[in-house]
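The values are calculated or read from the model by the stated rules, or taken from the named source; none is laboratory data. All values reported here derive from a predicted model rather than from experimental measurement. Cβ placement follows ideal geometry from the backbone for every residue including glycine, while neighbour counts extend to all protein chains displayed. Please note that ligands, DNA and RNA were not included when accessible areas were found on the heavy atoms of the full protein model with its side chains. Shrake-Rupley method; radii C 1.70, N 1.55, O 1.52, S 1.80 Å.
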Amino acid sequence: MVIKVFVATSSGSTAIKKKQQEVVGFLEANKIDFQQMDIAGDEDNRKWMRENVPGEKKPQNGIPLPPQIFNEERYCGDFESFFSAKEENIIYSFLGLAPPPGTKETEKSEATEEKSEVTEEKSEATEDQSDSKDEQSDATKETEAHTEDKAEEGAPEEAQPDQTPPEGQQVISPFCL
């Protein structure tokens, strides 16, 4: 598969020149095979590029500006799409290429797979911890109830809060006097 970068070699716009240089320089630096297709000097290239850029990617005037990037016949994107993919370290998937081993994109996809496995393990561990906490909570409640029973054994009958008075009688708390 060949990446095609449509450029204008004789563009008067410095912004377009910088964008083209950034795309071409990045592809060269990363040893990604590509072809520069000049739209300024070759009418067929210009016509092909304009016809094959999807409608939603064309500017309001209908004429897409270089650089435009294709993988053979498949449209990859314009400079903004390229820049976003580069920033997110997904440039190989943007270009429709398999990332070479050891690249950040390869590590990212492997990390995503590992993350999903770790998430599953954490989910199982959380369930186990939740069960363990429930068991601890039950044990704590039993211990507290046992401690309260022992404390109440030496307390006067009126101060025992767990006992409900017979109907019509009130419990007088020594704290309310």
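Residue by residue through segment 55-79, note down the ones that are touching a residue at least 12 places away in the same chain (Cβ under 8 Å) and open to solvent by 40 Å² or more (accessible area, probe 1.4 Å).
Across segment 55-79, the qualifying residues are 57, 63, 65, 72, 73, 74.
Where in segment 1-107 are there strands (runs of 3 or more DSSP E), lying wholly inside it, with at least 2 residues that are modelled with pLDDT of 95 or more and β-branched (Val, Ile, Thr)?
Details: elements: 3-7, 34-38, 68-71, 74-78.
Of the strands (runs of 3 or more DSSP E) lying wholly inside segment 1-107, those with at least 2 residues that are modelled with pLDDT of 95 or more and β-branched (Val, Ile, Thr) span 3-7.
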